[in-house]
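Below is one structure; the comments refer to it alone.
Nothing in this text is a laboratory measurement; each read-out follows from the coordinates by a stated rule. All figures in this text were calculated on a predicted structure; none of them were measured in a lab. No Cβ is skipped: glycine too gets one built from the backbone with ideal geometry, and neighbour counts run over all protein chains shown.
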Amino acid sequence: MKITYVTLFPSLIEPYFQDSILFRAREKELFKTEFVDPRDFSNNKHKKVDDYQAGGGAGLVMKADVLDAALNSVYKKDKNAYFIFVVPSGKPFNQKDALRLSKKEHIVFVSGRYEGIDERVIEKWADELFSIGDFILTGGELPSMCMSDAILRNIDGVLGNSDSLNGESFENDLLEAPTFTKPNIFEKNSLIKEYLKGNHSKIHDLKVKLATAKTKYFRPDLYKRVKIKLRNTDEK
């Protein structure tokens, strides 16, 4: 996979790939990264990429012609590139999206700044619009990194041990069951005895029950989906 970041601030994103799992995965060429700075496509002598809003309003907007030229440079090199814009009006990003997008060969994340991006560019180029929550950030770089991480870890070989992907939170709309490690007793709290007996079938069933209870307590919205699925299955 290749991920292209269209951003005015490549230095905000690049350091994320200098350590840990994603660093090793990129070194093994399990994925590639590319950075495209819209300033490089500005004809203004000051490399200006923004302007005042048409019709008035506070704040500046990224210019259509400059950003269009930047995106077109990516498209010319790869007409199969998949363009994703990070905007407040976008669909909430979730784990199912991460799994689906991990099958793409080339994703382009377009990070807005200031008061946003000229809507005409979004209409022309966007394959999908995403949001990571109902709050406002100063730019799209952080959401792009969050989604990249979620997507890339689903690529074969990135995590090293593919079993790490099994039973994760949001699989089947459940949060992940509580996890533990040694010591067996910590501040008078002992591990669940079933975890120590080695009966993997019983441990699996217990984890499903614990995951369901955890979801019901912390994310009742997800738990409602689980109940609906179970009810539909029983009716069949």
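In table form, for the structure just shown:
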| quantity | calculated |
| --- | --- |
| Residue list for the range 99-138, filter: of a type in the set (G, A, S) and over 19 Å from the mean Cα position of the chain (by Cα) | G116 |
| Residues located in the range 176-222, provided they are closer than 26 Å to N94 by Cβ, without any contact (Cβ under 8 Å) to a residue 40 or more places away in the chain and aromatic (F, W, Y) | Y217 |
| Candidate set: the range 203-220, residues that are in contact with a Leu (Cβ under 9 Å, 6 or more places away or on another chain) and β-branched (V, I, T); chosen: the one surrounded by the fewest Cβ atoms within 10 Å (Cβ to Cβ) | V208 |
| Residues located in the range 109-146, provided they are of a type in the set (G, A, S) and surrounded by fewer than 22 Cβ atoms within 10 Å (Cβ to Cβ) | G116, A126, S131, G133, G139 |
